[in-house]
Amino acid sequence: MAENPALAELLDMVPALRGERTVTELAGGLTNTNYKVVTADGAYVMRVSAKDAGLLAIDRENEYLNSVSAAEAGVGAEVVDYVPQHSLLVLEFIEGHTQSAEDLRRGDKLEMVAAACRQLHSAAPFRDDFNMFRIQHRYLGLVQERGFRLPDRYLEFEPQVRRIEAAMAVRDEGTVPCNNDLLAENFIDTGGAFRLIDYEYSGMNDACFELGNVWSESNLSLDQLDELVTHYYGRRLRNRIARARLWGLMSKYGWTLWASIQDGVSDIDFDFWQWGMEKYERAVAEFDGPDFERLLDEVVRED
């Protein structure tokens, strides 16, 4: 792509990107713009933050520090440079096959998914905590304060959310370094193993949130969630499966409000509302479904 003066100025701020280069905009960024930059010395990704990222609980310094930790653990991309005053993060470009939800739903790579999550979760502690109960509460206040759209019946489920939170606290599993946003496109198959990218929402969290979020984002089947959790822990644990499923429900319920905020503030050409409503409809099916009471019971029990 042709470099406009503003883009060229940003690129020239990074020593590794100066000189002869080829720049291609990468698709998929919903809170940033990503460019692949190829120079004589290698290929890189430059991430430029979108405006209003702070509304979405994104802290770029936290993202940078946690990206370094993930790279040191061997699962994230190497961090090449960080220019905080211009919200630039430059990473190695990982060669491999970027996954799609359809790829993960085939089910033949669930053991690789579990292995990559375990590798990330063994990284050095991340700087901040990530708790979807607190983030959802913050998002809800922002949506109501600014008059953004709220789906029908959304507030009706708040009592169930409090019940989930209380049940989770009975058997607190502690926290580990988590990506917290593992949609399929953040898995890159480098040939028998996954690398994990995009640490905007990273933080210390319950490992079962990570597994439940993978299930939610790629719309895996319940049997595949069972298999994923079993691969992760090395044996079938009913309370962990219930925990991951409830976190997956909270993931859908919380990210629905992320979509509402983006629908209200973002200038990116993307239908955030429809994206969020697809998640919300699946959350409603879980809240109203026949398994909700059983899951609350199983998450507090010992296996």
For the stretch 5-93, the Kirkwood Rh over every pair of distinct alpha carbons, in Å, works out to 13.4
Length gained, residue 85-residue 160, 0.36 nm per residue minus C-alpha separation, equals 22.8 nm
Nearest-0.05 FRET efficiency for residue 173 and residue 128 at R0 = 22 Å, using Cβ-Cβ distance, is 0.75
By Cβ neighbour count within 10 Å, fewest first, 233, 280 rank 233, 280
For 260, 49, ascending order of other Cβ atoms within 10 Å (fewest first) is 49, 260
Sorted by chain and then number, the residues having a modelled amide H within less than 5 Å of the amide H of residue 88, at least 5 places away or on another chain, are 83
Summing +1 per Lys or Arg and -1 per Asp or Glu among the other residues with Cβ less than 12 Å from residue 127's Cβ gives -4
Magnitude of the Cβ-charge dipole (Lys and Arg +1, Asp and Glu -1) of the stretch 98-299 about the Cα centre, nearest 20 debye, reported as 620
Taking the alpha-carbon centre of each part, the distance from the stretch 187-256 to the stretch 119-170 in Å is 16
Expected sort for 83, 170 with the fewest Cβ neighbours (10 Å cutoff) up front is 170, 83
Once phi for every residue in the stretch 130-136 is put through the Karplus expression 6.51 cos²θ - 1.76 cosθ + 1.60 (θ = phi - 60°), the whole-Hz ³J(HN,Hα) values, with Gly and Pro written as x, are 10, 9, 5, 4, 5, 5, 4
Length gained, residue 111-residue 281, 0.36 nm per residue minus C-alpha separation, equals 58.4 nm
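Computed from the coordinates by the stated procedures, all read-outs in this text should not be read as laboratory data. All values reported here derive from a predicted model rather than from experimental measurement. Cβ sites come from the backbone with ideal geometry, for glycine too, and all protein chains shown count toward neighbours.
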